1. Only one of 22, 18 is under 16 Å from the mean Cα position of the chain (by Cα) and not in a strand (DSSP E or B). Can you tell me which?
2. Applying the selection to the range 28-59, what residues are in a loop (DSSP other than H, G, I, E, B) and either without any contact (Cβ under 8 Å) to a residue 24 or more places away in the chain or farther than 19 Å from residue 175 by Cβ (or both)?
3. Could you run through the range 197-241 and say how many residues are surrounded by 15 or more Cβ atoms within 10 Å (Cβ to Cβ), among the β-branched types (Val, Ile, Thr), out of contact with any Pro (no Cβ under 6 Å at 6 or more places or on another chain) and modelled with pLDDT of 95 or more?
4. Can you pull out every residue in the range 5-15 that is in contact with a Phe, Trp or Tyr (Cβ under 9 Å, 6 or more places away or on another chain) and outside any helix (DSSP H, G or I)?
5. Restricting attention to the range 153-176, report how many residues are assigned to a strand (DSSP E or B) and surrounded by fewer than 19 Cβ atoms within 10 Å (Cβ to Cβ).
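The values are calculated or read from the model by the stated rules, or taken from the named source; none is laboratory data. Computed from a prediction, not measured in an experiment: that's the story for all the values here. Note that each Cβ is placed from the backbone with ideal geometry, even for glycine, and that neighbours are counted across all protein chains shown.
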Amino acid sequence: MISTIGIVGAGQMGNGIAHVCAASGHPVRMLDVNQEAIDRGLRTIGGNLDRQLSKGTITAEQKAQTLARVSTGTDYALFGDCDLVIEAAPENEALKREVFRKLCPVLRPDAIIASNTSSISITRLAAMTDRPARFIGMHFMNPVPIMKLVEIIRGIATSEECFVAIRDLTRKLGKSAAVAEDFPAFIVNRILLPMINEAVYTLYEGVGNVESIDTAMKLGANHPMGPLELADFIGLDTCLAVMHVLHDGLADSKYRPCPLLVKYVEAGWLGRKAKRGFYDYSGEKPVPTR
């Protein structure tokens, strides 16, 4: 039975996961490297709850109860009483390895670790810990409070007991589970990121400009968001990291990251979070950069 849940990371994904766990009645422990990052995460949770409140989907009392269930800190000892800790650090394997090195010694022997990785091998991440049988992939979609899907990925050593516990928790959080095998980028990003990469190639080769590519996919394929707009929303660094995982893991040239995507990341044009990517977000309305 999973009750208390820890979250490593108070960023875009971490605070969203903390939000849905707390809203469903779980005590939550949210950690980040410094208080500034934690405060940003708490402000985001508060703002998202205010949005739900204004739409009438929650009451003021539910908002207060959700916030009251979230405790925070910068010391991994925060996770000593957790039944489950979800790692939501950036998509960088070395960084995740460091998280697990600090996390494992403070956990109870029966605690489960889940990674929110969007592409990295669960089997390989599990092998970095002291509990491969109690390690699993739990990939939430962004924005977490709105998106209904969680990909659940078993590593080669993940126990059936661990899988059932996480599947049941996913349902309790009001999410739908898609069970994926442990192959690079799993299901969603195995399909989505090559499409985004192809859209960047379409821009790179001059087939269309930013506006025409996004308009074509929104109106021609009925996508709610164009692929370049979506790339900016995800973060171009994350898009590039997933393409590298696909290219390295599957050794197929069709997954080669577009040179233009590489250039944007090298320039620090990472999308919305950097105020500039395929669109410039510095004004009132996003303006295409190409």
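1. Result of the check over 22, 18: 18.
2. Matches in the range 28-59: 32, 33, 34, 56, 57, 59.
3. 3
4. Within the range 5-15, 6, 8 meet the criteria.
5. Residues in the range 153-176 being assigned to a strand (DSSP E or B) and surrounded by fewer than 19 Cβ atoms within 10 Å (Cβ to Cβ): 1 in total.
Conditions (1) touching an Asp or Glu at 6+ places or on another chain (Cβ under 6 Å); (2) farther than 20 Å from residue 102 by Cα, marked per residue:
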| position | (1), (2) |
| --- | --- |
| 2 | yes, yes |
| 5 | no, no |
| 17 | no, yes |
| 30 | no, no |
| 35 | no, no |
| 43 | no, yes |
| 46 | no, yes |
| 59 | no, yes |
| 81 | no, no |
